[in-house]
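Right, one structure below, let's go through it.
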Amino acid sequence: MLVSAGSREERRFSMPIIIRSFSREKLRKCFSLDPHKSRSSKQLKLSRVKVNESTQTPQRFSIPPRGEQKYIRFINALINDTTFLLDESIDALRSIRDTQKLMDDKEKWDALSEENKSAKLKQLNQEERQCKSYLTLANETVQMIHYLTHTLQAPFLVPQLVERLAAMLNYNLQQLCGPKCADLKVKDPQKYGFQPKQLLSLITDIYIHLDSPEFLEAVAQDERSYRPELFTLAISRLNKALIKTANEIEIFEQFSEKVKKCFDEKISMDLEFDDIPDEYKDPLMSTVMKDPVTLPSGVIMDRHIIERHLLNSST
């Protein structure tokens with residue numbers, strides 16, 4: 001598909017290089033971290049986002065104008081690889097759990113031939129190694145996004161990135177708190193580096209870091225994963241597992257309520273524009289175009305859709 005994040009092989013090996021090359025200190029040097037200098041609209045050409053008053057005011061990155069596009073491409077690669085690593089980690093955890101359940105069922109396990117048992121054990125060992133590797137990198141990428149969104153929000157909110165980031169967060173929140181979260185309960189999760197409480201804490205923080213009209217709209221418009229009840233389940237999990245303080249949970253509840261309001265407005269608007277002519281919709285996403293542009297081929301598309309494709313295109 002035109003706007004895909006790239007093939008698995010294209011995304012698979014880029015992030016380890018990024019993580020090791022861009023420590024916090026190097027990011028500060030690369031993007032001229034200045035704790036006293038505010039960002040100007042001329043520098044970023046991006047809307048400023050107010051950091052939630054409940055969080056400590058972070059230092060600010062000052063990105064030179066010529067570095068804007070490089071930084072956006074860096075964030076795009078970070079989102080791509082975080083998506084890939086978390087997807088692979090979750091798939092591996094589910095497969096490990098299935099094998100563990102089979103081995104615990106003595107009757108079914110004994111009914112297998114020795115050849116099948118050997119194949120299952122070999123597959124389990126391979127999946128355990130891969131799972132640990134994927135989760136090690138996934139934890140680092142999520143922590144990187146957590147740090148960057150606390151420090152510099154605006155580049156994450158550009159149209160070509162904000163929807164993908166919101167969808168990635170919603171999907172993984174669903175995996176951790178949704179009805180199928182029990183599928184991830186493996187024996188000795190620490191063995192694989194699986195820390196669901198810490199991951200949930202980081203993801204909910206990222207939502208709060210990016211609290212803004214653009215991000216609220218993107219979260220609410222994610223038809224694949226967003227449901228109002230998903231955030232209710234997340235809040236319940238945060239309370240039950242004592243992952244956050246009462247004040248932090250209250251802040252996340254307020255964020256959830258604002259997303260729910262955007263979601264209700266979206267439903268109302270969808271009904272109002274249900275019969276809108278196709279020429280007003282993006283041909284790829286079937287959404288109402290906000291900034292239509294004509295391609296050399298004559299096809300009209302929404303600007304941020306084609307820009308998102310170009311971010312991931314090697315040509």
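The values are calculated or read from the model by the stated rules, or taken from the named source; none is laboratory data. The shown structure was predicted, so the numbers you read here are calculated from the model rather than taken from an experiment. For neighbour counting, all protein chains shown are included, and Cβ atoms are generated from backbone atoms with ideal geometry for every residue, glycine included. Keep in mind that these areas ignore ligands, DNA and RNA; they rest on the heavy atoms of the full protein, side chains included. Shrake-Rupley method; radii C 1.70, N 1.55, O 1.52, S 1.80 Å.
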Taking θ as phi - 60°, what are the ³J(HN,Hα) couplings along the stretch 182-190 by the Karplus curve (6.51, -1.76, 1.60), each to the nearest whole Hz, with x for Gly and Pro?
5, 5, 9, 7, 9, 6, 6, x, 4
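Net charge around Gln190, counting only other residues with Cβ within less than 14 Å of its Cβ (Lys, Arg = +1; Asp, Glu = -1)?
Local net charge: +3.
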Over what distance in Å are the Cα centres of the stretch 240-270 and the stretch 63-137 separated?
30
Can you tell me how the stretch 196-236 classifies by the Cα gyration tensor, rounded, prolate or oblate, using a/c under 1.5 as the rounded cut?
oblate
Efficiency of FRET between His146 and Asp264 - r from beta-carbon atoms, R0 30 angstrom, step 0.05:
0.55
Summed side-chain charge close to Ile300 - residues other than Ile300 whose Cβ falls under 9 Å, Lys, Arg +1, Asp, Glu -1:
-3
Expressed as a whole percentage, what fraction of the accessible surface of the stretch 90-176 belongs to carbon and sulfur atoms when a 1.4 Å probe is rolled over the protein heavy atoms?
47
In whole Å, what three semi-axes, largest first, describe the equivalent ellipsoid of the stretch 94-144 built from its Cα gyration tensor (square root of 5 times each eigenvalue)?
30, 11, 5
In the neighbourhood of Thr232 defined by beta carbon distances under 12 Å, the net charge of the other residues (Lys, Arg +1; Asp, Glu -1) is 0
In whole µm²/s, the translational diffusion coefficient that Stokes-Einstein assigns to the stretch 130-203, given a Kirkwood hydrodynamic radius over C-alpha pairs, 10 °C and 1.306 mPa s, equals 117
Fully extended, how many nm does the chain gain between Glu253 and Gln190 (0.36 nm per residue separation, minus their Cα-Cα distance)?
19.8 nm
